[in-house]
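Participant: Have a look at this one.
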Amino acid sequence: MPQGPGGVLISREEIAVRVGELGRAIAREHAGHVPLLVGVLKGAAVFMADLIRAIPAPIAMDFMGVSSYGPGTRASGAVRLTADLSVSIEGRDVVIVEDIVDTGRTLDYLRRNLETRHPRSLRVCALLDKVERRQIDVALDYVGFAIPDRFVLGYGFDLGGLYRGLPDIHVLEEQAAEKGPSASLAPSAAGST
Ligand code: IMP
C-alpha cells in the first residue's frame, strides 16, 4: 500500500510560534556572543531557515550532512558523515540544529564528532523529540515539540526525499491507490537526514 502525508500533527501556525520562542531563548542564552548554528542536512534546512530569522541577534551558520536511514521508515543504526563543516568551531559557541531526535544515534555521533574540535560551548536545538524511541541518552537544550512514535512528513521531513516542502508537519499514512495524485507520488523508502 502506498504511503504519504496524512493528517496534520503540528500546524504551520504552531510551528511559527514555537520557533519564535526557541529563537528568543537562543539569543538570551548567547547574549554577548555570536553563536554558530550548525544545521543537520537535509532535514533541518527548513527549520534552520526559520530559526535564524527568529533570533534577534547576530548569528553565524554552517551545515553538516549525515545519513542514518536505510530503506524503510526506521533508521539503519549506522551514522555516516556526508558533508563536513566549512569553518573551524574551535572556541566557538555552537548550537546543533536538528530536525528530530529519534533513537538519538545521529545526535550522539554529531556531538562526539564536534566535541573533538574543541568548541567553547556545544548546545543542541531539536524541533521534534520522539522521546519513546530513544536508545541513546542525549541532552537536548532546546526542544520544539515532544511527539509520539509516529513517522512525520513535511516542514523538512521527508519520505524517500519527498514532501520536505509541505508547510505543516503531517503524520505518515497508508494511502489507497485511488485516493489521488499524492498516492501515486508516494515512494517506497524513507530518505536520509
Ligand atoms: P536518530 O539517529 O534515530 O535519532 O534519527 C534522527 C534522524 O532520523 C533525523 O535527523 C531524521 O532525519 C530521521 N527521522 C527520524 N524520525 C523521522 C520521521 O518521523 N520523519 C522523517 N525523518 C525522521
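Participant: Run the numbers on region 72-154 and let me know its relative contact order in percent, using alpha-carbon pairs under 8 Å that are six or more apart.
Facilitator: 30 percent
Participant: Separate question: Give me the number: length gained by fully extending A25 to D62, i.e. 0.36 nm times residue separation minus the C-alpha to C-alpha distance, one decimal in nm.
Facilitator: Between A25 and D62, full extension yields an extra 11.3 nm.
Participant: Tell me, what is the percent relative contact order of region 1-153, built from C-alpha pairs under 8 Å that lie six or more residues apart?
Facilitator: It comes to 20 percent, rounded to a whole number.
Participant: So what is log10(I(q)/I(0)) for region 112-176 at q = 0.11, 0.15, 0.21, 0.25 1/Å, when the Debye sum runs over its Cα atoms only?
Facilitator: -0.37, -0.64, -0.99, -1.13
Participant: Provide Rg and Dmax in Å for the chain, with only Cα atoms included in the calculation.
Facilitator: Calculated on Cα positions, Rg and Dmax stand at 16.6, 57 Å.
Participant: I would also like to ask the following. Report, in whole Å, the centroid distance computed from the Cα atoms of region 1-62 and region 105-165.
Facilitator: Cα centroid to Cα centroid, the span is 12 Å.
Participant: Ok, one more. Using only the alpha carbons of region 86-127, what is the convex hull's orientation-averaged projected area in square nanometres?
Facilitator: Averaged projected hull area, Cα only: 2.9 nm².
No lab work stands behind these numbers, since they all come straight from the coordinates. Source: prediction; values computed, not measured.
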